[in-house]
2 protein chains.
Amino acid sequence: MPARVLIFDPTVSSRILTRAALAEAQYNLVVAESSADAQVEMMRGRPDLILLGVVAPAAGAFAFLAGLRADPQRRGIPVIAVGRLSDPSLRLAVLRAGADDLCDRPVDPVLLQAQVRRLLRRSDSLAELCLREETHRALGFAEEGEEFLQPGRVSVVVPEGQAVLPAVVPVLDRLPGGGDVLDPRSLLTRIGSGDAADLFVIDAAAEGLRPGELFRLIAELRSRASTRHSVQIAIVPPDMTDMAAMALDLGVDDLVSARVRPAELMHRLKALLLQKHRADRAREKLRRGVENSVTDPLTGLYNRRYALPALKSVTDQAARSGRMAAVMVLDIDHFKEINDRFGHATGDKVLEEVARRLAARVRVGDMVARIGGEEFLVVMPETDAEAAAEAAERLRSGIEDRPFESNREGCPAPPPVRVTLSIGVALGAGERPGEPTLFERADAALYSAKLAGRNMVSLSRPAA
Amino acid sequence: MPARVLIFDPTVSSRILTRAALAEAQYNLVVAESSADAQVEMMRGRPDLILLGVVAPAAGAFAFLAGLRADPQRRGIPVIAVGRLSDPSLRLAVLRAGADDLCDRPVDPVLLQAQVRRLLRRSDSLAELCLREETHRALGFAEEGEEFLQPGRVSVVVPEGQAVLPAVVPVLDRLPGGGDVLDPRSLLTRIGSGDAADLFVIDAAAEGLRPGELFRLIAELRSRASTRHSVQIAIVPPDMTDMAAMALDLGVDDLVSARVRPAELMHRLKALLLQKHRADRAREKLRRGVENSVTDPLTGLYNRRYALPALKSVTDQAARSGRMAAVMVLDIDHFKEINDRFGHATGDKVLEEVARRLAARVRVGDMVARIGGEEFLVVMPETDAEAAAEAAERLRSGIEDRPFESNREGCPAPPPVRVTLSIGVALGAGERPGEPTLFERADAALYSAKLAGRNMVSLSRPAA
């Protein structure tokens, strides 16, 4: 899909100039001159980015931004405000209203194109996975209410012997995480030591930091594991638009001119810290989601999806090494009755407690999984018949020995629940096609244990 | 953690020069002069990158590469071979032995540092999530055996009016996916249309493509959704090392000189297509892993982890809108006996078929989940008592009406299994603290249905 860029600007000459500045990049440009037109274009297709024309007092632009940021479906669309934006209070007001970046008229095509690329690139890692909407919601990606200032450690990078830009000083003082000041060389040492900040403010407007050095610093920060996910803002000399554009393409997250006012800088740093916070949280949720995909939510044990391939890998390994592995299928006796007599809440508590006791009674390399309602699997690599029988008896008695708590609400002294386990065990060092697998043999042994009266261990006879 | 870079070079002067070329970047540099030293250093800490000194005939370097690439723990460590590498057959041999990149002596520090950054940056998205090793294995990330040539569409970008570099022609002919030739402007149009290649070969050594244009093309390819995950290689004029370094920092995946031989170019394109194939697969597995985290592996329904928060969101919505939602808890009757009589395989088939029938008999916006062994949950937003009772009866009769297949292996005509369902239903438009939730009321109604003889629907009386 081509990137769809909406230019909304009531002034015809401005629309034409903005359009011309982007023509080279071959975006799918759509143009709106009124708020109503803009709404229609947004309905026709979600823009990937909006260029919003601003002419003071810009009531229309503010109304548009307010509407956009209040719309849950569209609030994530990046906006660059384009206009004569030299008035500091207008700049701040437009940023606070929700613009992601500003572009001064007359528009510099090289810089504007780089700004657009930067914002198009800043799509989150989750969006890229194209998850189903339900999954997104289930993982809570759409959570709200963290618009407040995120704490974060800030490093200001200034060439050796240079002072911190006056606009930066009051901002540093007001940041909750505090900040420190480094020269470029110390920055690299600091990154090397793994003790890196969340946000870097690189002063490339100061005497003594050449464009090449700025570019290298940005590239170094992006290449190191410890700072790849940090956010960076560069302070650039006014009118160095080629340098500014290159810095954006190299991966800097934001730019300000050396003439920036403290209030605007503060706003941008806050926005960057929030951006980092969201990206960190999204990665963490992704990690947790993937971890969850192999575990059973109730007990925290591995689930069937994980257990069956893992079992196969253990039996394959046993076939290669010739050393026997033991497989147990374990089933809670009369679990249905527990559920019926004491209720599902107690049933769940029993499952959790059984899982806990099993997990506490196996060796480090053994695997415990919940593979069905009240059915568990234990896989023990490199285990002989004697050790397997001992282990199974340990698991069985570990359940029988101590009664379980029931969970009758409103009942002052809930009666204890007696829980027992039947276990089928099979051993082998390999499986032959056409013969029962270790799992099937263990399952058959479990069936014998059930028939023979439950609460016992049954060993499968070794395969012929 | 600082990036740990191992320099293994038997020649003392080369070691010193390589070390000096990287000094500025403040890596944690460790040095080895023999293969034994290198092994010791690799045991002390896994290097993030290796610089391998090569002096023809380079038997030691080839042996080292062979050992590294055969070691499952270390085969992923990137290697840059450093030496006098003007001989095309030596270059090719070193690449084929497993070097990721080559660096000619005398070393250009600017270019070498950019090559190092490029390879440090190329860590995969999965490694960054720091998953447990078991999870990695479960998702099959460590699969092997796809070292063969991956098909992929290739676009060669050459300035308008220029011919394709002679070395490129035979390579294009041999690529299974084929290739086409574009000028930079058509490239941007093509990307815009969403019809983009997997691999871009950008000829920046040809007359008419200025460095700024190369940089912009790289940045455009990286910023667009359709080409962000493509791979790119630039052909650069010999001795334009600053341009080459900048191209790497902007995100090009590989570089060759305009003097490249077809065999080396072919090798590099194959390596890039393999890199892309792996990255695509890793993203797909990540996506599937996250999707899996909210579904039950056996039935494909939502699992308990998803269902309970989703239920809460529906009841919250009902409380806000004042429109009733219906909640059903459904339980297969005598499921334990089905398992005991027909075996677990049949039990699983019954669960799958029940899930299929339930899912086929609800409305689009309703949710069906498996929340326990044989227990299901159905949530129906904006549903009144009559519609809920009808739906529940439809679900109940949908299970009773048609017998299920059993799964007795070796049994010529497996007996059909009769399956029935008990259902508890509760309705409400909000829940009050201290009073039973909709779920608890549905669960209590299910209990009544069980007591009253099973295979029936029981409606919870509305809350007072």
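The values are calculated or read from the model by the stated rules, or taken from the named source; none is laboratory data. Keep in mind that what you see is a predicted model, and the values were worked out from it rather than measured. Neighbour counts are summed over all protein chains in view; Cβ atoms, including those assigned to glycine, are modelled from backbone coordinates with ideal geometry.
Does at least one position in region B:103-120 carry a residue that is free of Cβ contacts under 8 Å to residues at least 60 places away in the same chain, small (Gly, Ala, Ser) and assigned to a helix (DSSP H, G or I)? No.
In region B:139-168, what count of residues is obtained for those that are at pLDDT 80 or above and either of a type in the set (Phe, Trp, Tyr) or surrounded by fewer than 14 Cβ atoms within 10 Å (Cβ to Cβ) (or both)? Write out each step before concluding.
Going through region B:139-168, the residues at pLDDT 80 or above turn out to be B:151-168.
Within this subset, residues satisfying the condition of being either of a type in the set (Phe, Trp, Tyr) or surrounded by fewer than 14 Cβ atoms within 10 Å (Cβ to Cβ) (or both) are B:151, B:160-161, B:163, B:166.
Count: 5.
Every residue, every condition in (1) farther than 24 Å from residue B:271 by Cβ; (2) assigned by TED's automatic domain parsing to the domain that holds residue B:264; (3) surrounded by 14 or more Cβ atoms within 10 Å (Cβ to Cβ), yes or no:
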{"position": "B:17", "(1), (2), (3)": "yes, no, yes"}
{"position": "B:36", "(1), (2), (3)": "yes, no, no"}
{"position": "B:56", "(1), (2), (3)": "no, no, yes"}
{"position": "B:79", "(1), (2), (3)": "no, no, yes"}
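Please verify whether residue A:86 is in contact (Cβ under 8 Å) with a residue 60 or more places away in the chain, more than 14 Å from every other protein chain (Cβ to nearest Cβ) and either of a type in the set (S, T, N, Q) or part of a loop (DSSP other than H, G, I, E, B) (or both), treating the condition exactly as stated. No. Taken over region A:308-337, the criterion of being more than 11 Å from chain B (Cβ to nearest Cβ) and either under 30 Å from residue B:444 (Cβ atoms) or in a helix (DSSP H, G or I) (or both) is satisfied by A:311, A:312, A:314, A:315, A:316, A:317, A:318, A:319, A:320, A:321.
Collect the residues in region B:345-383 that are of a type in the set (Val, Ile, Thr) and either within 13 Å of chain A (Cβ to nearest Cβ) or in a helix (DSSP H, G or I) (or both), keeping them in residue-number order. Break it down stepwise before answering.
So in region B:345-383, the residues of a type in the set (Val, Ile, Thr) come out as B:346, B:350, B:354, B:362, B:364, B:368, B:371, B:378-379, B:383.
Those that are of a type in the set (Val, Ile, Thr) and either within 13 Å of chain A (Cβ to nearest Cβ) or in a helix (DSSP H, G or I) (or both): B:346, B:350, B:354, B:364, B:368, B:371, B:379.
If you filter region B:274-296 down to residues that are surrounded by 22 or more Cβ atoms within 10 Å (Cβ to Cβ) and touching a residue at least 40 places away in the same chain (Cβ under 8 Å), you find that the one that is farthest from residue A:371 (Cα to Cα) is B:286. For residue A:76, state whether it is free of Cβ contacts under 8 Å to residues at least 60 places away in the same chain, closer than 15 Å to residue A:119 by Cβ and under 28 Å from the mean Cα position of the chain (by Cα). Spelling it out, residue A:76 is indeed free of Cβ contacts under 8 Å to residues at least 60 places away in the same chain, closer than 15 Å to residue A:119 by Cβ and under 28 Å from the mean Cα position of the chain (by Cα).
Taking region B:158-194 as the range and being within 14 Å of chain A (Cβ to nearest Cβ) and either of a type in the set (A, V, I, L, M, F, W, C) or over 21 Å from residue B:222 (Cβ atoms) (or both) as the test, the residues that pass are B:182, B:187, B:188, B:191.
Are any residues in region A:38-54 buried (at least 16 other Cβ atoms within 10 Å of the Cβ) and under 31 Å from the mean Cα position of the chain (by Cα), and if so, which ones? It would help to see each step written out before you state the result.
Of region A:38-54, the ones buried (at least 16 other Cβ atoms within 10 Å of the Cβ) are A:38, A:41-42, A:47-54.
If the condition is that a residue be buried (at least 16 other Cβ atoms within 10 Å of the Cβ) and under 31 Å from the mean Cα position of the chain (by Cα), then A:42, A:47, A:48, A:49, A:50, A:51, A:52 are the ones that fit.
Could we say that residue A:248 is buried (at least 21 other Cβ atoms within 10 Å of the Cβ), away from chain B (no Cβ under 11 Å) and in a helix (DSSP H, G or I) here? Quick ask: steps written out before the conclusion?
Numbers: buried (at least 21 other Cβ atoms within 10 Å of the Cβ): yes; away from chain B (no Cβ under 11 Å): no; in a helix (DSSP H, G or I): yes.
No; evaluated as a whole, the condition is false for this residue.
Scanning region B:207-229 turns up at least one residue that is touching a Gly at 6+ places or on another chain (Cβ under 7 Å) and of a type in the set (S, T, N, Q).
Restricting to region A:211-243, count the residues that are more than 13 Å from chain B (Cβ to nearest Cβ) and touching a helix residue (DSSP H, G or I) at 6+ places or on another chain (Cβ under 7 Å). Quick ask: steps written out before the conclusion?
Filtering region A:211-243 down to residues more than 13 Å from chain B (Cβ to nearest Cβ) leaves A:230-240.
If we keep only those that are touching a helix residue (DSSP H, G or I) at 6+ places or on another chain (Cβ under 7 Å) as well, we get A:230-234, A:236.
So the answer is 6.
Screening residue B:305 on (1) facing chain A (nearest Cβ under 9 Å); (2) assigned to a strand (DSSP E or B) shows it passes everything except condition (2).
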